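Please read the structure below before turning to the comments.
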Amino acid sequence: MKQRKRELNIFSMSFLDAITAGFGAVVLLFMLVNQNALLETQTAIKVTEAEAQRWELKVLTGQKNLVQIKEQLQKQLQEWTALKALRANLVSEVQDTETKLATLTEDSAARKTAIEKLKADLATLDSETKKMTAAAAKPAKDSEGDRIRGFEGEGHRQYLTGLRMGGQYVVILVDASTSMLDRTIVNVIRRRNMTPEQQRQAPKWKQAVNTVDWLTTQIKPGTKIQIIAFTDKATTLTPNTEGKWITVTDGGEIDAAVDALRKMVPKGPTSLHAAFTAARQLEPKPDNIYLITDGLPTMGEIVPTRQGVTGRERLEHFNRAVRQLPVGVPVNIILLPMEGDPEAAPAFWVLALRTGGSMLAPAEDWP
(Lines give C-alpha, C1' and ligand atoms only; values in the text may rest on other atoms or scores of the structure.)
Protein backbone atom coordinates (compact mmCIF):
# COMPACT_ATOMS: atom_id res chain seq x y z
CA MET A 1 0.00 0.00 0.00
CA LYS A 2 1.38 3.25 -0.99
CA GLN A 3 2.10 5.87 1.81
CA ARG A 4 0.16 9.12 1.46
CA LYS A 5 2.09 12.27 1.11
CA ARG A 6 1.82 14.79 4.02
CA GLU A 7 0.04 17.92 3.03
CA LEU A 8 1.90 21.19 3.48
CA ASN A 9 -0.08 24.16 4.85
CA ILE A 10 1.37 27.26 3.27
CA PHE A 11 -0.73 29.63 5.39
CA SER A 12 0.48 28.15 8.68
CA MET A 13 4.21 28.60 7.84
CA SER A 14 3.81 32.25 6.85
CA PHE A 15 1.99 33.09 10.09
CA LEU A 16 4.72 31.58 12.24
CA ASP A 17 7.40 33.47 10.33
CA ALA A 18 5.54 36.71 10.86
CA ILE A 19 5.11 36.09 14.57
CA THR A 20 8.79 35.25 14.98
CA ALA A 21 9.92 38.31 13.03
CA GLY A 22 7.60 40.55 15.03
CA PHE A 23 8.85 39.18 18.34
CA GLY A 24 12.45 39.74 17.26
CA ALA A 25 11.66 43.32 16.30
CA VAL A 26 10.04 43.93 19.71
CA VAL A 27 13.07 42.48 21.49
CA LEU A 28 15.41 44.63 19.41
CA LEU A 29 13.32 47.74 20.08
CA PHE A 30 13.26 46.99 23.80
CA MET A 31 17.05 46.60 23.91
CA LEU A 32 17.57 49.90 22.08
CA VAL A 33 15.17 51.80 24.34
CA ASN A 34 16.63 50.23 27.47
CA GLN A 35 20.17 51.22 26.41
CA ASN A 36 19.14 54.85 25.83
CA ALA A 37 17.36 54.97 29.17
CA LEU A 38 20.50 53.65 30.91
CA LEU A 39 22.66 56.32 29.30
CA GLU A 40 20.21 59.06 30.28
CA THR A 41 20.08 57.76 33.83
CA GLN A 42 23.89 57.77 34.14
CA THR A 43 24.03 61.31 32.77
CA ALA A 44 21.38 62.45 35.24
CA ILE A 45 23.28 60.81 38.12
CA LYS A 46 26.51 62.62 37.15
CA VAL A 47 24.71 65.96 36.94
CA THR A 48 23.11 65.35 40.35
CA GLU A 49 26.49 64.43 41.88
CA ALA A 50 28.11 67.60 40.47
CA GLU A 51 25.23 69.69 41.86
CA ALA A 52 25.61 67.99 45.26
CA GLN A 53 29.36 68.70 45.30
CA ARG A 54 28.70 72.33 44.38
CA TRP A 55 26.25 72.74 47.26
CA GLU A 56 28.61 70.96 49.65
CA LEU A 57 31.35 73.46 48.72
CA LYS A 58 28.91 76.31 49.32
CA VAL A 59 28.06 74.90 52.76
CA LEU A 60 31.74 74.57 53.73
CA THR A 61 32.45 78.12 52.55
CA GLY A 62 29.43 79.39 54.47
CA GLN A 63 30.62 77.65 57.65
CA LYS A 64 34.06 79.27 57.35
CA ASN A 65 32.50 82.68 56.77
CA LEU A 66 30.23 82.11 59.76
CA VAL A 67 33.23 81.42 62.03
CA GLN A 68 34.96 84.61 60.82
CA ILE A 69 31.80 86.64 61.32
CA LYS A 70 31.45 85.27 64.86
CA GLU A 71 35.05 86.26 65.67
CA GLN A 72 34.52 89.75 64.25
CA LEU A 73 31.30 90.08 66.21
CA GLN A 74 33.09 89.05 69.41
CA LYS A 75 35.81 91.67 68.82
CA GLN A 76 33.21 94.33 68.10
CA LEU A 77 31.35 93.42 71.28
CA GLN A 78 34.56 93.78 73.28
CA GLU A 79 35.28 97.16 71.69
CA TRP A 80 31.69 98.21 72.31
CA THR A 81 31.97 97.23 75.98
CA ALA A 82 35.18 99.23 76.37
CA LEU A 83 33.68 102.23 74.60
CA LYS A 84 30.59 101.98 76.78
CA ALA A 85 32.78 102.07 79.90
CA LEU A 86 34.70 105.02 78.45
CA ARG A 87 31.42 106.83 77.78
CA ALA A 88 30.31 106.19 81.36
CA ASN A 89 33.60 107.65 82.64
CA LEU A 90 33.20 110.70 80.43
CA VAL A 91 29.62 111.23 81.59
CA SER A 92 30.72 110.92 85.22
CA GLU A 93 33.57 113.38 84.66
CA VAL A 94 31.25 115.86 82.94
CA GLN A 95 28.77 115.62 85.80
CA ASP A 96 31.52 116.15 88.37
CA THR A 97 32.79 119.15 86.46
CA GLU A 98 29.29 120.61 86.15
CA THR A 99 28.72 120.13 89.88
CA LYS A 100 31.97 121.86 90.75
CA LEU A 101 31.27 124.64 88.27
CA ALA A 102 27.77 125.15 89.71
CA THR A 103 29.17 125.26 93.23
CA LEU A 104 31.80 127.83 92.26
CA THR A 105 29.25 129.91 90.36
CA GLU A 106 26.69 129.97 93.15
CA ASP A 107 29.11 130.64 95.98
CA SER A 108 30.54 134.07 95.18
CA ALA A 109 31.91 134.45 98.69
CA ALA A 110 33.93 131.28 98.28
CA ARG A 111 35.31 132.62 94.99
CA LYS A 112 36.42 135.81 96.68
CA THR A 113 38.06 133.81 99.44
CA ALA A 114 39.80 131.63 96.87
CA ILE A 115 41.07 134.70 95.02
CA GLU A 116 42.42 136.17 98.25
CA LYS A 117 44.06 132.86 99.08
CA LEU A 118 45.66 132.72 95.64
CA LYS A 119 47.00 136.23 96.12
CA ALA A 120 48.44 135.21 99.48
CA ASP A 121 49.98 132.09 97.93
CA LEU A 122 51.46 134.23 95.16
CA ALA A 123 53.01 136.55 97.71
CA THR A 124 54.39 133.53 99.57
CA LEU A 125 55.84 132.13 96.34
CA ASP A 126 57.46 135.48 95.58
CA SER A 127 59.00 135.47 99.02
CA GLU A 128 60.25 131.89 98.60
CA THR A 129 61.64 132.76 95.17
CA LYS A 130 63.65 135.59 96.66
CA LYS A 131 64.95 133.30 99.39
CA MET A 132 65.88 130.64 96.84
CA THR A 133 67.62 133.23 94.67
CA ALA A 134 69.60 134.43 97.66
CA ALA A 135 70.44 130.86 98.63
CA ALA A 136 71.58 130.08 95.09
CA ALA A 137 74.07 132.92 95.29
CA LYS A 138 75.75 131.32 98.34
CA PRO A 139 78.25 128.43 98.23
CA ALA A 140 76.58 125.14 97.38
CA LYS A 141 75.70 123.79 100.80
CA ASP A 142 72.02 124.07 99.70
CA SER A 143 69.44 122.17 101.68
CA GLU A 144 70.85 118.66 101.54
CA GLY A 145 70.21 118.37 105.26
CA ASP A 146 66.53 118.08 104.49
CA ARG A 147 67.01 115.39 101.87
CA ILE A 148 66.77 111.70 102.65
CA ARG A 149 68.48 110.56 99.42
CA GLY A 150 71.34 111.86 97.31
CA PHE A 151 72.25 111.78 93.63
CA GLU A 152 75.54 112.81 92.08
CA GLY A 153 76.20 113.18 88.39
CA GLU A 154 79.61 113.12 86.75
CA GLY A 155 81.93 115.65 88.37
CA HIS A 156 79.44 116.45 91.16
CA ARG A 157 77.48 118.71 88.81
CA GLN A 158 74.61 120.83 90.04
CA TYR A 159 71.51 120.71 87.87
CA LEU A 160 69.26 123.63 87.02
CA THR A 161 65.91 122.71 85.47
CA GLY A 162 62.42 124.10 85.17
CA LEU A 163 61.06 121.21 87.24
CA ARG A 164 60.04 121.74 90.82
CA MET A 165 59.26 118.91 93.23
CA GLY A 166 56.41 120.08 95.40
CA GLY A 167 53.20 118.97 97.05
CA GLN A 168 52.27 116.36 99.60
CA TYR A 169 51.08 113.81 97.02
CA VAL A 170 53.48 113.09 94.13
CA VAL A 171 53.15 110.56 91.29
CA ILE A 172 56.04 109.57 89.01
CA LEU A 173 55.00 107.75 85.80
CA VAL A 174 57.80 105.97 83.92
CA ASP A 175 57.45 104.68 80.35
CA ALA A 176 58.86 101.12 80.29
CA SER A 177 57.94 100.23 76.70
CA THR A 178 60.28 98.79 74.06
CA SER A 179 61.01 102.22 72.54
CA MET A 180 62.89 103.18 75.74
CA LEU A 181 65.76 100.96 74.60
CA ASP A 182 67.17 103.53 72.16
CA ARG A 183 66.63 106.79 70.27
CA THR A 184 66.31 105.27 66.77
CA ILE A 185 63.97 102.59 65.48
CA VAL A 186 66.81 100.52 64.00
CA ASN A 187 68.71 100.41 67.29
CA VAL A 188 65.51 99.65 69.21
CA ILE A 189 64.99 96.56 67.02
CA ARG A 190 68.65 95.61 67.46
CA ARG A 191 68.60 95.96 71.25
CA ARG A 192 65.27 94.14 71.48
CA ASN A 193 67.08 90.95 70.41
CA MET A 194 69.84 91.31 73.05
CA THR A 195 69.98 89.66 76.47
CA PRO A 196 67.93 91.18 79.32
CA GLU A 197 71.09 92.40 81.06
CA GLN A 198 72.27 94.18 77.89
CA GLN A 199 68.83 95.78 77.53
CA ARG A 200 68.99 97.09 81.10
CA GLN A 201 72.32 98.74 80.23
CA ALA A 202 70.86 100.61 77.23
CA PRO A 203 71.88 104.30 77.62
CA LYS A 204 68.38 105.63 77.08
CA TRP A 205 66.82 103.29 79.64
CA LYS A 206 69.57 104.07 82.16
CA GLN A 207 68.86 107.78 81.61
CA ALA A 208 65.17 107.20 82.40
CA VAL A 209 66.02 105.29 85.60
CA ASN A 210 68.56 107.94 86.65
CA THR A 211 65.93 110.61 86.04
CA VAL A 212 63.59 108.88 88.49
CA ASP A 213 66.49 108.53 90.93
CA TRP A 214 67.27 112.27 90.63
CA LEU A 215 63.63 113.31 91.04
CA THR A 216 63.23 111.28 94.22
CA THR A 217 66.22 113.00 95.84
CA GLN A 218 64.11 116.17 95.96
CA ILE A 219 61.36 114.53 98.04
CA LYS A 220 61.12 115.46 101.71
CA PRO A 221 60.15 113.13 104.58
CA GLY A 222 56.42 112.84 105.12
CA THR A 223 55.57 113.20 101.42
CA LYS A 224 53.11 110.70 99.94
CA ILE A 225 54.52 109.19 96.75
CA GLN A 226 53.72 106.55 94.17
CA ILE A 227 56.10 105.43 91.38
CA ILE A 228 54.38 103.63 88.48
CA ALA A 229 55.94 101.99 85.40
CA PHE A 230 53.64 101.55 82.41
CA THR A 231 53.55 99.72 79.08
CA ASP A 232 50.16 98.39 77.97
CA LYS A 233 49.28 98.33 81.68
CA ALA A 234 50.42 100.23 84.75
CA THR A 235 52.50 98.56 87.49
CA THR A 236 53.39 100.06 90.86
CA LEU A 237 57.05 99.51 91.68
CA THR A 238 56.18 98.87 95.32
CA PRO A 239 54.22 95.58 95.43
CA ASN A 240 50.58 95.52 96.59
CA THR A 241 50.19 99.31 96.65
CA GLU A 242 47.82 99.81 93.69
CA GLY A 243 45.62 102.82 94.36
CA LYS A 244 47.48 103.62 97.61
CA TRP A 245 49.99 106.26 98.68
CA ILE A 246 53.38 105.42 100.21
CA THR A 247 54.59 107.71 102.99
CA VAL A 248 58.28 108.57 102.70
CA THR A 249 60.15 108.18 106.00
CA ASP A 250 63.85 107.29 105.76
CA GLY A 251 64.05 106.86 101.98
CA GLY A 252 64.09 103.06 102.06
CA GLU A 253 60.72 102.93 100.34
CA ILE A 254 62.04 104.95 97.40
CA ASP A 255 65.30 102.95 97.25
CA ALA A 256 63.31 99.73 96.88
CA ALA A 257 61.14 101.20 94.11
CA VAL A 258 64.15 102.54 92.18
CA ASP A 259 65.94 99.18 92.53
CA ALA A 260 62.85 97.44 91.15
CA LEU A 261 62.88 99.85 88.20
CA ARG A 262 66.56 99.10 87.50
CA LYS A 263 65.75 95.39 87.29
CA MET A 264 62.98 95.91 84.73
CA VAL A 265 63.49 95.25 81.00
CA PRO A 266 61.71 97.70 78.64
CA LYS A 267 59.17 95.66 76.71
CA GLY A 268 55.76 96.12 75.08
CA PRO A 269 53.62 98.98 73.68
CA THR A 270 52.92 102.36 75.30
CA SER A 271 49.53 103.15 76.84
CA LEU A 272 49.18 106.57 78.47
CA HIS A 273 45.57 105.60 79.14
CA ALA A 274 46.78 102.94 81.60
CA ALA A 275 49.23 105.36 83.25
CA PHE A 276 46.76 108.24 83.69
CA THR A 277 44.02 105.87 84.88
CA ALA A 278 46.35 104.55 87.60
CA ALA A 279 47.08 108.14 88.71
CA ARG A 280 43.37 108.95 88.71
CA GLN A 281 42.58 106.04 91.03
CA LEU A 282 44.73 107.47 93.84
CA GLU A 283 42.83 109.12 96.70
CA PRO A 284 43.28 111.89 97.55
CA LYS A 285 44.28 113.05 94.08
CA PRO A 286 47.93 113.98 93.37
CA ASP A 287 49.40 117.46 93.79
CA ASN A 288 51.95 116.85 91.02
CA ILE A 289 52.42 114.28 88.27
CA TYR A 290 55.85 113.67 86.71
CA LEU A 291 55.76 111.83 83.38
CA ILE A 292 58.94 110.33 81.89
CA THR A 293 58.37 109.12 78.33
CA ASP A 294 59.75 109.35 74.79
CA GLY A 295 56.72 109.98 72.59
CA LEU A 296 53.04 109.59 71.90
CA PRO A 297 51.34 106.32 72.93
CA THR A 298 51.12 103.39 70.50
CA MET A 299 47.82 102.07 71.88
CA GLY A 300 44.73 103.26 73.74
CA GLU A 301 42.42 101.62 76.22
CA ILE A 302 41.84 98.65 73.87
CA VAL A 303 44.56 96.20 72.86
CA PRO A 304 45.03 96.62 69.06
CA THR A 305 44.11 93.73 66.78
CA ARG A 306 46.64 94.58 64.08
CA GLN A 307 50.32 95.46 63.85
CA GLY A 308 51.52 99.03 63.44
CA VAL A 309 50.03 102.42 64.27
CA THR A 310 49.91 105.70 62.32
CA GLY A 311 50.88 109.13 63.60
CA ARG A 312 47.26 110.22 63.53
CA GLU A 313 46.17 107.21 65.59
CA ARG A 314 48.90 107.90 68.16
CA LEU A 315 47.67 111.48 68.56
CA GLU A 316 44.10 110.21 68.99
CA HIS A 317 45.29 107.76 71.68
CA PHE A 318 47.03 110.66 73.42
CA ASN A 319 43.95 112.92 73.37
CA ARG A 320 41.73 110.17 74.78
CA ALA A 321 44.27 109.33 77.50
CA VAL A 322 44.46 112.98 78.64
CA ARG A 323 40.76 112.76 79.55
CA GLN A 324 41.69 110.27 82.28
CA LEU A 325 43.86 112.81 84.12
CA PRO A 326 42.51 114.05 87.45
CA VAL A 327 41.20 117.60 87.11
CA GLY A 328 43.43 120.46 88.22
CA VAL A 329 46.68 118.48 88.64
CA PRO A 330 49.90 119.84 87.04
CA VAL A 331 51.63 117.40 84.68
CA ASN A 332 55.40 117.84 84.41
CA ILE A 333 56.90 116.06 81.40
CA ILE A 334 60.45 114.86 80.84
CA LEU A 335 60.50 113.96 77.15
CA LEU A 336 63.34 111.73 76.01
CA PRO A 337 64.03 111.80 72.25
CA MET A 338 62.69 109.26 69.75
CA GLU A 339 62.89 109.48 65.96
CA GLY A 340 59.79 109.37 63.79
CA ASP A 341 57.46 111.12 66.26
CA PRO A 342 57.41 114.84 65.34
CA GLU A 343 54.02 115.54 66.95
CA ALA A 344 55.10 114.36 70.41
CA ALA A 345 56.86 117.54 71.57
CA PRO A 346 54.01 119.95 70.63
CA ALA A 347 51.37 117.68 72.14
CA PHE A 348 53.19 117.27 75.47
CA TRP A 349 54.08 120.97 75.58
CA VAL A 350 50.39 121.89 75.23
CA LEU A 351 49.52 119.37 77.96
CA ALA A 352 52.05 120.92 80.34
CA LEU A 353 50.81 124.41 79.51
CA ARG A 354 47.13 123.52 80.01
CA THR A 355 47.69 121.78 83.36
CA GLY A 356 50.11 124.34 84.78
CA GLY A 357 53.08 121.98 84.69
CA SER A 358 56.41 122.17 82.89
CA MET A 359 58.24 120.28 80.16
CA LEU A 360 61.89 119.31 79.86
CA ALA A 361 63.67 117.72 76.88
CA PRO A 362 67.04 116.81 78.46
CA ALA A 363 70.40 116.20 76.84
CA GLU A 364 71.81 112.69 76.53
CA ASP A 365 74.06 113.05 79.61
CA TRP A 366 71.32 114.39 81.93
CA PRO A 367 70.99 114.02 84.85
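The values are calculated or read from the model by the stated rules, or taken from the named source; none is laboratory data. Predicted model only: the values in this text are computed from it and were never measured. Using ideal geometry, Cβ is built from the backbone for each residue, glycine included, and neighbour counts are taken over all protein chains shown. What goes into the accessible areas is simple: the full protein's heavy atoms, side chains included, and nothing from ligands, DNA or RNA. Shrake-Rupley method; radii C 1.70, N 1.55, O 1.52, S 1.80 Å.
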Share of Cα-Cα pairs in the stretch 216-301 beyond 19 Å, in percent? 39 percent
Under Karplus coefficients 6.51, -1.76 and 1.60, residue-wise ³J(HN,Hα) of the stretch 190-201 in Hz, glycine/proline x: 5, 6, 4, 8, 7, 6, x, 5, 5, 5, 5, 8
Filter the GluC sites (Glu not before Pro) in the stretch 191-256 to those in DSSP coil with at most 15 other Cβ atoms within 10 Å of their Cβ, and list the result. E242
Keeping all protein chains in place and using 1.4 angstrom, which order do I246, I333 fall into by accessible surface area, from largest down? I246, I333
Return one quarter of the surface area of the convex hull spanned by the alpha-carbon atoms of the stretch 28-73, equal to its mean projected area, in nm². 2.8 nm²
Mind scanning K204/K224; K233/K267; K100/K233; K244/K267 and naming the pairs with a C-alpha gap bigger than 23 Å? K204/K224; K100/K233; K244/K267
Can you tell me the Rg and the Dmax, both Å, for the Cα atoms in the stretch 264-367? 13.7, 38
So how exposed is R183, as accessible area in Å² (1.4 Å probe, rounded to 10)? 60 Å²
If amide H atoms are modeled at 1.01 Å from N in the peptide plane, then the residues at a separation of 5 or more from V170, or on another chain, having amide H under 5 Å from its own are K224, I225, Q226, D287
